Amino acid sequence: MARSDKPVKTKTPNIFVVKNSDDSIKYIFATFTIRGRRYSEINLTTKYSIKTISQAKAKLDSLKTDIRNGVDPFKNNNTSKISFRDMVILELKNRNVAESTKNNQINSFKKHCYQLFKNLKIEDINIDVIETIFLKLSKTVKNDVLSTIKKAISPTLKKAVDKRLILVNPLETHTIVKIKGKVTSKAPLSYRLNAPINNNVYIETVQSFYKSIHNFKYNEKAPINELRLAFFWALMTARRRSEILKVEYSDIIGDVVKTRPDTTKTNVYEFYPIPDEVVSLLDPNGEGLIFPNLKLNRYSAYMKQVIHNAGIDTNVITGHDTRNLFLTIMSKQTKNPFLCDMCLSH
């Protein structure tokens, strides 16, 4: 399999090195997932003066222990001194925009949201909080006011994500839709499932998915092996189907994929893991696109048919929901509300 020569995956799980031209180690970084959160490219050499793989392993074990104990080693301890609503006001006052725009956003936020956010800190802000607040607002304010409020709080949330104060920007996973002139919040997919997801339903649902994929006979002239592999990829990594179709063999480094800005919705470089079951199905001598013959419309039709054949009990489900369904199942099974948010953040 054609792969990038830098960075290089080491024999130690989650540890990567970038080498100089003389093959000496330039720096060591770690990429890992723990407690439903992905930590990408943590430069151990820069942050902790790590110079050897053994030192890197010991430090990574220490970092994981801290996280399991509820301590975020990468978090600025001074971030919780002011409330989220005060952070928003401060950010708005410092924005380089027209004075009228600035005042309009500040006044709208203070009038409609200041009391709703109360004394919440930035780390308390998640999709559930945003959903609750915008549902309340949608009953009393017009669509243009909602838009102004979103613009008011968006810069603060984006900066919080960049500084790793929160996992994702909740505004990017929250959708406001207009139905017959009335502004409301689109219910998350989990609310549109007819049956509650518990352990038994989880197992049965996964079994139905995989059985449907293996037994499905596609009657069109389509690359069935590519379709199956792409769908497995989507289910097991929760990446967007349009992004998966752009992945090249050179993007794969060991058992992770390094995204390129032109392949992701957020236009950023990041790593995400792919399971051994997916890696083992790839062409070991492949070059260029992994799915060169697969078109998005065929892939979408295949995914919908697989879900239909699997007999998953849902209400009306859109094409985009096919990706989110598995995330909902996983987040319910692990009882980790951040898992779904994390996967939906790209």
Notebook entry, point to check: Looking at region 112-130, which of its residues are part of a helix (DSSP H, G or I) and either at pLDDT 85 or above or crowded, with 19+ Cβ neighbours inside 10 Å (or both)?
Noted result: His112, Tyr114, Gln115, Leu116, Phe117, Ile122, Ile127, Ile130
Notebook entry, point to check: Before we move on, is Ile28 surrounded by 19 or more Cβ atoms within 10 Å (Cβ to Cβ) and modelled with pLDDT of 85 or more?
Noted result: yes
Check: Hey, Pro223 hits all of (1) surrounded by 14 or more Cβ atoms within 10 Å (Cβ to Cβ); (2) modelled with pLDDT of 75 or more; (3) more than 24 Å from the chain's Cα centre (by Cα) but one; which does it fall short on?
Finding: (2)
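Every residue, every condition in (1) out of contact with any His (no Cβ under 9 Å at 6 or more places or on another chain); (2) under 14 Å from Phe231 (Cβ atoms); (3) modelled with pLDDT of 70 or more; (4) surrounded by 15 or more Cβ atoms within 10 Å (Cβ to Cβ), yes or no:
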residue	(1), (2), (3), (4)
Val257	yes, no, yes, yes
Asn285	yes, no, yes, no
Ile317	yes, no, no, yes
Met342	yes, no, no, yes
Notebook entry, point to check: If you take the residues of region 85-111 that are small (Gly, Ala, Ser) and not in a loop (DSSP other than H, G, I, E, B), which of them is nearest to Asn169 (Cα to Cα)?
Noted result: Ser108
Item checked: Those residues of region 155-165 which are crowded, with 16+ Cβ neighbours inside 10 Å and assigned to a helix (DSSP H, G or I), in sequence order -> Pro155, Thr156, Leu157, Ala160, Val161
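The values are calculated or read from the model by the stated rules, or taken from the named source; none is laboratory data. Keep in mind that what you see is a predicted model, and the values were worked out from it rather than measured. No Cβ is skipped: glycine too gets one built from the backbone with ideal geometry, and neighbour counts run over all protein chains shown.
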